[in-house]
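Worksheet: one structure, shown below.
Values quoted throughout were computed directly from the atomic coordinates according to the rules given, and no laboratory measurement underlies them. Please read all numbers here as calculations on a predicted model, not as lab measurements. Note: ideal-geometry Cβ built from the backbone for every residue, glycine included; neighbour counts use all protein chains shown.
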Amino acid sequence: MPRQFETPMFWSEEERKYLAGTDIQDRIGREDAEQEYTNVLLPVISAHPELFPVGSPHTSIDAFHLQGSRILSRSFTVPLSRFDNTPKAAEQPEDSDDEEEEDQGVVVMMPFADMLNAAYEKDNAHLFVDEEASEEFKSGVMMRSTKKITKSQQIFNTYDAPPNSELLRKYGHVDVLPLLKDITKLLKSSKVGAEWPFGNAGDEVLLSGEAIVESVAETLGEKADDKWRDDIKTRIDWWLEEGQEDAFPLGYDEEIDDGLISFARLLSNDEDWEKAQKKSKPPKPTVDGDVAAIIIKAIEQRESTYEGAIEDDIATLKASTQWSAINSPDALKSDETPVSQQRKEMAAVVKLGERRILKIASHVIKKAVKTEAAASKKRKAGSVMVGKGKKLS
């Protein structure tokens, strides 16, 4: 097991400022972990010196952080029912009403399952569970190749292509690979960061529902009073009861998440809200000028929370020796970069990926408005009546 981590949990307060604005910022959990240690574990440790020697490094706050990081980076969550092999469990009908128990999961650590590295779209093996693992035994787990693997070729597991924000938070590293042609094309059309065409194709940004609410409020100005807030809360409650999400993923894509568009319409358009209640379904994800303005305003607000400018991140990464083979094929990789500088550079990778995606999303939404406006104009022109019962073609 690792004895040290490069995850933000172990960064200094000054180093964690590099991550301002990113999806990691509020998910590091150091303060919550220390509060749990102080309020829950420390009283038990202090009360039993015969079990926990005073001053032992094995019961310190640093040891607690280390063990928590080991579990976070090397554990799996499996259904609770997976461990219940009693006859009673076997006889229980599949359509049991006990949905709460069915949804419960257990965090487990599995020897050898985490031996393999992972990289975006390089996976050639997968951990199969239960009946997928073995037709003979019908239970257990099995690591199997999913592609032909040649001699001396590295075996990569798949972890659903996590974004760099998640890789850094859980494992303390980021993926820096040549981006796909479709992505570099998007970067060029959006005029953002194409001069350093590297990163993680699986990157994403979560735009919170709260950001959309505040964007609508800012658009309304003084009309966004307490009465309006109460009405919006009712709409949000309805949205969540319908099983919709309260955060919306943006990625390297030429399409905007349908849920984001529907949510913006629900909050900003009274007619859409009334229809949604009657039909028990979210508004259609149609982009118009008002919806686009709301989403773009939310994106711009998110962009303002990052430290420095995109140009600063690109300059940092171009000068980096961590990825010297990328920046200059003739350069040798240097291991002498100070740890703090390495962390700053990894934060720059995460920030650049997220900022690129936000710029692309803004570009795509503006393009969608123009497309919709042109289509609407064409429809209106096509419906102009010429003479009796005739349309202009």
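Evaluate the charge dipole of the range 1-77 about its Cα centre and quote only its size in Debye, nearest 20, assuming +1 on the Cβ of each Lys and Arg and -1 on the Cβ of each Asp and Glu. Can you show the working numbers first?
Details: 7 positive and 12 negative charges, 61 e Å.
Dipole of the range 1-77, to the nearest 20 debye: 300 debye.
Can you give me the Cα centroid spacing of the range 1-80 and the range 276-327 in angstrom?
First find each Cα centre; the distance between them is then 31 Å.
Just grab the label-to-label distance for ARG74 and GLU300, each label 7 Å out from Cα along the Cβ direction, in nm (one decimal).
Placing both labels 7 Å beyond Cα along the Cβ direction yields 4.8 nm.
Under 29 Å between C-alpha atoms is the cut-off here; go through the range 166-276 and count lysine pairs that meet it, provided they're at least eight residues apart or on different chains. Please report the intermediate quantities before stating the final value.
Details: LYS170/LYS181; LYS181/LYS191; LYS223/LYS233; LYS223/LYS275; LYS227/LYS275; LYS233/LYS275.
Close lysine pairs under the 29 Å cut-off: 6.
What percent does the relative contact order of the range 1-77 come to when contacts are Cα pairs within less than 8 Å and at least six residues apart? Could you put the intermediate results ahead of the total?
Working: 25 pairs, mean separation 28.4, N = 77.
Worked out over the range 1-77, it gives 37 percent.
Pop the C-beta distance of ASP290 and ASN117 into the FRET formula with R0 = 51 Å and round what comes out to the nearest 0.05.
Working: r = 47 Å, r/R0 = 0.91.
The computed FRET efficiency comes out at 0.65.
Tell me whether the range 170-382 comes out rounded, prolate or oblate; compute the Cα gyration tensor, take square roots of the eigenvalues as a ≥ b ≥ c, and use a/c under 1.5 as the rounded threshold.
The shape class here is prolate.
Amide H to amide H under 5 Å from SER208: which residues, 5+ apart in sequence or cross-chain, H placed 1.01 Å off N in plane?
Amide H neighbours of SER208, under 5 Å, 5+ apart: PHE248.
Given contacts defined as C-alpha pairs under 8 Å and at least six residues apart, what's the relative contact order of the range 115-244, whole-number percent?
Here the relative contact order equals 19 percent.
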